Every structure is written in structure tokens, then in C-alpha cells.
1. Within the set of pairs 6+ apart or on separate chains, which have a first residue in the stretch 1-19 that is free of Cβ contacts under 8 Å to residues at least 24 places away in the same chain and buried (at least 21 other Cβ atoms within 10 Å of the Cβ), a second that is of a type outside the set (Lys, Arg) and part of a loop (DSSP other than H, G, I, E, B), and C-beta atoms under 7 Å apart?
2. Answer with yes or no whether VAL63 is surrounded by fewer than 21 Cβ atoms within 10 Å (Cβ to Cβ) and either in contact with a strand residue (DSSP E or B) (Cβ under 8 Å, 6 or more places away or on another chain) or farther than 18 Å from SER87 by Cβ (or both).
3. Those residues that are outside any loop (DSSP other than H, G, I, E, B) and more than 11 Å from the chain's Cα centre (by Cα), I need them from the stretch 17-33; list them, please.
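Bear in mind that the values in this text are calculations on the coordinates, not laboratory data. Quick caveat, the model's predicted, so the values are computed rather than measured. As a convention, Cβ positions derive from the backbone with ideal geometry for all residues, glycine included, and neighbour counts pool all protein chains shown.
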Amino acid sequence: MSVPVELKYTESHEWVRLEADGGVTVGITQHAQELLGDMVFVQLPDVGRTLAQREDCAVVESVKAASDIYAPLGGEVIAVNSEVETSPEKINEDCYTAWLFKLKPANAGEIDGLLDASGYQKLLDSEAH
């Protein structure tokens, strides 16, 4: 299973990439999309919405189940990937390029509280047992 080392992760299986401009890009991990199966619907937060850390803000739905997506950091939604709303299967094709939304963090230090790749791998290993 792919766990890119340059990303940060949440215990609820979102990935976070810190961008050069200080914003963050958010998506769901390979583990999450494999558990859910074939994506059929994605609902993203509105641009301009202010989110609290861990607030549910989006939904991904597959042939198996619907799952809430949580904000990994507090901040303002500055972009959404409308391509995954019209073609949700792109998440299954490559979950690390099919991002969901971008945030301008209210507190950039919150990213330090997220899991690194090895911490996320340990979480996956503990869930597997």
C-alpha cells in the first residue's frame, strides 16, 4: 500500500500536502478508498467556508458506503476539485492526485500534530490486527 512520505495523515484517513504558498491540499488515502470501493458520488465543502479542525465537511460515497471527510486543520476552504464531483472514480484511479479541497490554515502549527508516513503506517498496521 502506498503511503507517500512527503504527506501528513489523519487517523480518519485523510492525507494533507503542505503547499509552497502555505495552503494545504486534502484528499483521502489509498487505504480509505480501498475500504470504500468504487466511488460514485463526492460532495465537497463550499469555497469560502471556514472549518474547524476535525469538522466533517465533505462526503464520499461508494457502492458500499458513504463516509464523512473531516478537516485535518482549521481554516478557510480556498479551492475544491470539481473534477472529482463529476468523475468520482478518479479517486479510485489515483487517490493522491485526485485531491478534494484546499485550505488556507488558520493555525499552520496544527499540521505538526498530524501523523507522518511512518506514524500512519503504524496506525494501518494496528488496524489490521
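1. Listed pairs, sorted by first residue: HIS13/THR29.
2. Working: surrounded by fewer than 21 Cβ atoms within 10 Å (Cβ to Cβ): yes; either in contact with a strand residue (DSSP E or B) (Cβ under 8 Å, 6 or more places away or on another chain) or farther than 18 Å from SER87 by Cβ (or both): yes.
Criteria met by VAL63.
3. From the stretch 17-33, those outside any loop (DSSP other than H, G, I, E, B) are 17-18, 24-28, 30-33; that's our starting set.
Scanning the stretch 17-33 gives LEU18, HIS31.
Results for (1) in contact (Cβ under 8 Å) with a residue 40 or more places away in the chain; (2) among the acidic types (Asp, Glu); (3) assigned to a strand (DSSP E or B), shown as yes or no for each residue.
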{"site": "CYS57", "(1), (2), (3)": "yes, no, yes"}
{"site": "ILE69", "(1), (2), (3)": "yes, no, yes"}
{"site": "GLU76", "(1), (2), (3)": "no, yes, yes"}
{"site": "VAL84", "(1), (2), (3)": "yes, no, no"}
{"site": "GLU110", "(1), (2), (3)": "yes, yes, no"}
{"site": "GLY119", "(1), (2), (3)": "yes, no, no"}
{"site": "ASP125", "(1), (2), (3)": "no, yes, no"}
